[in-house]
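Working notes, structure below.
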Amino acid sequence: MPIASEPIAPAPIQIAPSAPIELMWILHNGQASHPLKSWFSKVEAIRLEMGRALVGFWADRIRGFTEANVLARRSGTLLDPDLIAFFSGLDAACAVPGTPSLLSESDAERAAIRARLDRLRGEPALRKQYGSLLQSAWKMVEEEWQSTGRSAVIAAAADWRRRLDAGVGYREILERSEIWPGRPDLDALADVAAARGNLVLSPSWFGGEIHVIELDGMMYMGRGIQRADDEEERRRLALHVASNMKALSDPTRLSILLQVAHEPASVTELARHLHLSQPTVSGHVQVLREAGLLEERSVGRSSILSADARRLRDLLTGTQEALAKQFRR
């Protein structure tokens with residue numbers, strides 16, 4: 001006999017500030033190879049003073065300190081609004097064996113984080129240097145965090161909570177139609193985590209467009225809450241979008257892209273097919289290559305060009321996201 005039952009309500013999405021994630025952001029941006037501008041400029045002093053030490057500490061060519069968030073979760077401090085307990089529990093967290101799933105990271109990143117955690121567990125001197133480096137970086141921004149950032153993200157978390165309770169989806173909160181262009185698996189992971197109550201959103205004071213961290217089924221996601229609204233920032237965005245779209249603004253370039261997407265070809269073959277000179281085709285190919293829309297491989301003395309939908313999708317999605325944010329205020 002059929003049995004009627006009440007529909008199961010979706011599990012709640014947790015929202016919480018996270019000082020360890022703020023630390024992750026400042027360490028990541030402190031490793032930048034270029035001057036930090038706009039709302040990232042508050043980390044420029046760290047980049048100038050500590051950038052070389054941050055880049056050289058691990059020397060594995062993997063940018064960022066994601067393992068710090070692994071350690072924060074192990075010590076139960078990942079969702080703390082301050083780092084006092086994180087730093088006091090760092091030694092104990094480093095002693096825990098194993099590596100979480102880290103499905104948000106690439107294979108190379110997972111391997112590097114695993115090696116980092118192993119070294120921190122087995123090398124007390126390195127562990128001490130690591131803690132000192134992180135504390136030195138945090139000390140440079142702690143005053144701003146305590147005076148401005150902490151209260152701002154707490155207020156943003158309350159606003160996000162109200163919006164979620166009013167029926168706004170978590171992707172709208174994050175201002176993303178796709179979690180990460182080119183990584184559809186992250187969309188699936190986030191949706192499953194949200195349905196199971198394993199999704200945590202964190203507004204960030206020092207953060208940028210989005211952070212995504214998967215740890216053994218839990219998804220920690222968020223974005224920076226600061227926005228630059230001056231004329232210089234709008235000009236920068238306009239230049240960026242115009243540069244991205246330039247590749248698709250010419251019918252000949254679009255014809256070349258569609259042709260090599262259908263069948264890989266050399267510049268010579270494209271020139272013959274399109275009844276154009278080789279220099280003309282080469283010029284169009286260079287624009288497409290700079291936009292990241294072409295792949296190139298050597299076959300004998302020729303370079304064969306090809307394209308796939310993923311590269312085009314990444315360019316269009318990234319441009320759409322950058323523009324759409326300006327209309328969501």
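The values are calculated or read from the model by the stated rules, or taken from the named source; none is laboratory data. Please read these numbers as outputs of a predicted model, since none were measured by experiment. All Cβ positions, even for glycine, are placed from backbone atoms using ideal geometry, and neighbour counts span all protein chains on display. The area values use the complete protein model at the heavy-atom level, side chains included, leaving out ligands, DNA and RNA. Shrake-Rupley method; radii C 1.70, N 1.55, O 1.52, S 1.80 Å.
Structural remarks
- Unit charges on C-beta of K, R, D, E only; dipole of the chain, Debye: 420
- Remark on region 238-279: hydrodynamic radius 11.3 angstrom, per the Kirkwood mean of 1/r across alpha carbon pairs.
- For LEU294, no residue has an amide H sitting under 5 Å from its own, ignoring neighbours fewer than 5 places away on the same chain, with H placed 1.01 Å from N.
- Distance in nm between pseudo-label sites at SER277 and LEU237 (7 Å out along the Cβ direction from Cα): 4.1
- Carbon + sulfur, % of accessible area of region 86-132 - ligands and nucleic acids excluded, 1.4 Å: 55
- Each principal axis of the Cα cloud of region 14-140 was evaluated for its coordinate range; sorted largest first, these ranges are 39, 32, 29 Å.
- Two-decimal Rg to Rh for the chain - Kirkwood Rh, Cα set: 1.03
- Karplus-derived 3J(HN,Hα), 6.51/-1.76/1.60, for each residue of region 143-153, Hz, glycine and proline x: 4, 5, 4, 6, 7, 10, x, 4, 5, 5, 6
- In order along region 104-120, the Karplus-derived 3J(HN,Hα) couplings, from 6.51 cos²θ - 1.76 cosθ + 1.60 at θ = phi - 60°, round to 6, 9, 6, 4, 5, 5, 4, 4, 5, 5, 4, 5, 4, 5, 4, 5, 5 Hz, and Gly and Pro are given as x.
- The dipole here belongs to region 23-130: it is taken about the Cα centre, uses +1 on the Cβ of Lys and Arg and -1 on the Cβ of Asp and Glu, and is about 160 debye.
- Once the Cβ-Cβ distance of ASP308 and SER38 is raised to the sixth power relative to R0 = 35 Å, the FRET efficiency obtained is 0.60.
- Here the spin labels are modelled as points 7 Å beyond Cα on the Cα-Cβ line, and at VAL168 and ASP118 they lie 4.5 nm apart.
- Projection of the Cα convex hull of region 103-252, averaged over all directions and equal to a quarter of that hull's surface, yields 13.4 nm².
- For ILE15, residues with placed amide H under 5 Å, excluding near neighbours: LEU201
- Using the Karplus relation 6.51 cos²θ - 1.76 cosθ + 1.60 with θ = phi - 60°, the per-residue 3J(HN,Hα) values for region 60-77 come to 10, 6, 9, 6, x, 10, 4, 4, 5, 6, 4, 5, 5, 5, 4, 8, x, 10 Hz, with x marking Gly and Pro.
- Restricting attention to the chain, the count of lysine pairs at 8 or more positions apart or across chains with alpha carbons under 24 Å apart stands at 6.
- Relative contact order, percent, the chain [alpha-carbon distance under 8 Å, six or more residues apart]: 19
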